[in-house]
Amino acid sequence: MHIIHIASELAPLAKVGGLGDVVLGLCRELSWKGHNVDIIIPKYDCIETEQIKNLVVETKNLLSFYQGEWYSNTIWIGRVEDLRVYFIDPHHPRFFFNRGCFYGCDDDIERFLYFSRAAIEYIYKRRLNPDILHLHDWQTAAIAPLYVDMYQKIGMAKPRTLLTIHNMNYQGRCTTDDLTRIGLDGVLYLKPENMQDHVYPHLINLLKGGIVYSNFTTTVSPNYAKEVLTPEGGKGLESTLSRHQDRFQGVLNGIDYSYWNPEIDRFLPAHYSSREISANMTGDSTLDKKGLIKTLLREKLNLVEDFRPIVGCITRLIPQKGIDLIKYTMGHIAEKKGQFVLLGSSPIPSISAEFHRLKHQYGDDPHVSLTLHHQEELAHLIYAGCDIFIVPSLFEPCGLTQMIALKYGTVPIVRRTGGLADTIFDVDTSGKPFEETNGYTFDRPDAQGIDSALNRAIHCWFTNPVKWRKLMIHGMKMDLSWNHPSDIYIDIYKKLIDLF
Ligand code: ADP
């Protein structure tokens, strides 16, 4: 099959959160399984081009329509982690992707609508002729109506379209004029059965357009797929999803184990695995090397060396992620005889300012460390060097950090919501056999809730190291790779090709 993924992120070069990881991981697995995979992303000026191999200009003159005129675009082509990637570089005078950032501009809607039209225009003009167009989130959802109402009509008959929703909170609400700028008559789409927003009926909802006009929609975990059918989880799109439920499915994201793997991690100073005896048969457990990384992590972050567990958290600092509970854990960790390490950054200025104040306040606290920017290498060190990892999200479509933590033998504590409930099974309360448990969960998103899990975990770490080690190994041995989820996507693609 020839599959083209069109997205606004691609790890490691254009990554804000999990979306970038998912596009890379799924595409690599599809390609390993013999499929012909292409990726199209914007050519942001903040991409580090050293991470792209054989980057060349494919054409300097792809003409794409916007606001009544045709603008040229340079299309670059290169290889990222061995995948073929097309980069769209608009010559539009507003420099849509030369802003020093991926998102967060006032005209994000216009930037990604422009990108959506240019991407499908390129596929059409270059006759790439894919079997599947796989779209991601609102940023590329408009390609679905563009395809049905414009490109199919001019002879682009082959591709089936699939939209993956990574987070229902971001829907791409815009005016009818915004849609008109890319050549669709916006007013015609302002109807409940088309793209009219349920909450603000004078607005167009791009994500809704993706659901209505795609052949299939997925979201990133089975449990989140249930939650989004309720008013609380669907954020206005529950009725649209319910109406199209026969072509909607939750598929759990995977982790790219060629990147996130303590046995081969390129950023780690030592490697370890869940096997009790190392390959050279010395009788040493390589898992003990995790302790060495813990010491290095402490040195790097100026935490005192002490017999205590380190609790880690790596997250975008936004309300969804349970910010109050992160602050609570930070504030009470010393009395619980633990240490706390936060790696996070916030796109929201008030939250960013608050955490910078906290960083100042904790200053040279021997048990608490805050790093408030994006740092890939430190993330790997934290996953490997911590004992416990918290994900106290208010809602979480899938969540990758708890799955990565499992692979590194760092026991997760999560709030039981969305994909967190699909992946973490409480050692005391899940009712599952011990071998099938891998962490701690809590329900109430408050101090009492997180305490109910954190206190149990820390108590186990101090008093029952044998049980703790087994719990670590259960997590490390789980297969949360892309192998299984990619098979589910391949099945869906095949069904779509056969069905229509
Ligand atoms: P979301 O997509 O909502 O941000 P996910 O759990 O799906 O959440 O994915 C988060 C990804 O981003 C993980 O790979 C995590 O390691 C990474 N990440 C988040 N914040 C940082 C940071 N400050 N530095 C490095 N990596 C980060």
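Karplus-based coupling profile of segment 116-128, in residue order and whole Hz: 4, 5, 5, 5, 6, 4, 5, 4, 5, 5, 7, 6, 5, with θ = phi - 60° in 6.51 cos²θ - 1.76 cosθ + 1.60 and x standing for Gly or Pro.
Based on the Cα gyration tensor of segment 57-141, what are the three equivalent ellipsoid semi-axes, each the root of five times an eigenvalue, rounded to whole Å and given largest first? Please report the intermediate quantities before stating the final value.
Values: eigenvalues 77, 50, 40 Å².
They are 20, 16, 14 Å, listed largest first.
The peptide list 491-498, 10-17, 36-43, 21-28, put in order of mean Cβ contacts within 10 Å with the highest first, becomes 21-28, 36-43, 10-17, 491-498.
Can you tell me which of 401-412, 321-332 comes out highest on packing, and rank the rest after it, using the mean Cβ neighbours within 10 Å?
On the way: 401-412: 26.1, 321-332: 20.0.
Peptide ranking by packing, descending: 401-412, 321-332.
Across the options 392, 71, 320, the greatest Cα extent toward the positive end of the charge dipole of the chain (unit charges at beta carbon of Lys, Arg, Asp, Glu) belongs to 71. Spatial offset of segment 1-22 relative to segment 139-157 amounts to 21 Å, using the alpha carbon center of each.
Cα centroids of segment 412-475 and segment 196-270: 26 Å apart. Each listed q (0.15 Å⁻¹) maps to a log10 I(q)/I(0) for segment 275-477 from the Debye sum over equal C-alpha point scatterers, namely -0.89. The orientation-averaged projected area of the convex hull spanned by the Cα atoms of segment 394-463 comes to 4.6 nm².
By other beta-carbon atoms within 10 Å, ranking 360, 91, 367, 134 with the fewest at the front produces 360, 91, 367, 134.
In this label model, residue 129 and residue 107 are separated by 3.7 nm, measuring between points 7 Å along each Cα→Cβ vector.
Cross-link reach is defined here as a Cα-Cα straight distance under 19 Å, omitting same-chain residues fewer than 8 places apart; for residue 191 the lysines meeting it are 208, 235.
So for the chain, Kirkwood radius off the Cα pairs, Stokes-Einstein at 25 °C and 0.890 mPa s: how many µm² s⁻¹? Present the calculation step by step, with values, prior to reporting the outcome.
Working: Rh = 23.7 Å.
In µm²/s, the coefficient rounds to 103.
Over segment 440-487, the pair-distance histogram of Cα-Cα distances with 5 Å bins from zero comes to 5, 18, 17, 16, 16, 14, 9, 4, 0 percent, rounded to whole numbers.
What is the fewest-to-most order of 398, 105 by other Cβ atoms lying within 10 Å of their Cβ?
Values: 398 26, 105 15.
Sorted ascending by nearby Cβ count, the order is 105, 398.
For residue 494, a cut-off of 20 angstrom between C-alpha atoms picks up these lysines, skipping any fewer than 8 places away in its own chain: 33, 158. Remark: 488, 182 ranked as 488, 182, counting other beta-carbon atoms within 10 Å and listing the fewest first.
Each value in this text was obtained by applying a stated rule to the coordinates, not by laboratory testing. Treat the numbers as computed from the prediction; the structure is a model and nothing was measured. Positions of Cβ are generated from backbone atoms using ideal geometry, with glycine treated the same way; all protein chains shown enter the neighbour counts.
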